[in-house]
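Presented below is the structure to which this report refers.
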Amino acid sequence: MRDALERVGITLPSLGLDAVTLAAEPPRPLVELGRCTTATARLLAAALVNEGGRG
C-alpha cells in the first residue's frame, strides 16, 4: 500500500501494522492508516476518484 500511495504522491507517515492484531490466534493483522492532514486526505480522495474508472 505504501508503494502504491507513493506512486501517486501520497505519504502516510504512520502507515503500519497494528501490533495487537498480530498477536491474535490466528493472526488477523489490521493496517493502521493513521492520521493525515486535510491536504493528504484530498489527495487520497482524488487518487481514488481517478482510479475508480479503472477496471
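Taking a quarter of the surface of the Cα convex hull of the chain gives a mean projected area of 4.8 nm². In this structure, residue 46 and residue 25 have a Cβ-Cβ separation that, at R0 = 30 Å, corresponds to a calculated FRET efficiency of about 0.15. Please name whichever of 29, 4, 17 sits farthest to the positive end of the charge dipole of the chain, dipole taken about the Cα centre and charges placed at Cβ: Lys and Arg +1, Asp and Glu -1. Value computed over the given set: 4.
No value in this document is a laboratory result; all are computed from the given coordinates. All figures in this text were calculated on a predicted structure; none of them were measured in a lab. All Cβ positions, glycine included, derive from the backbone under ideal geometry; neighbour counts span all protein chains shown.
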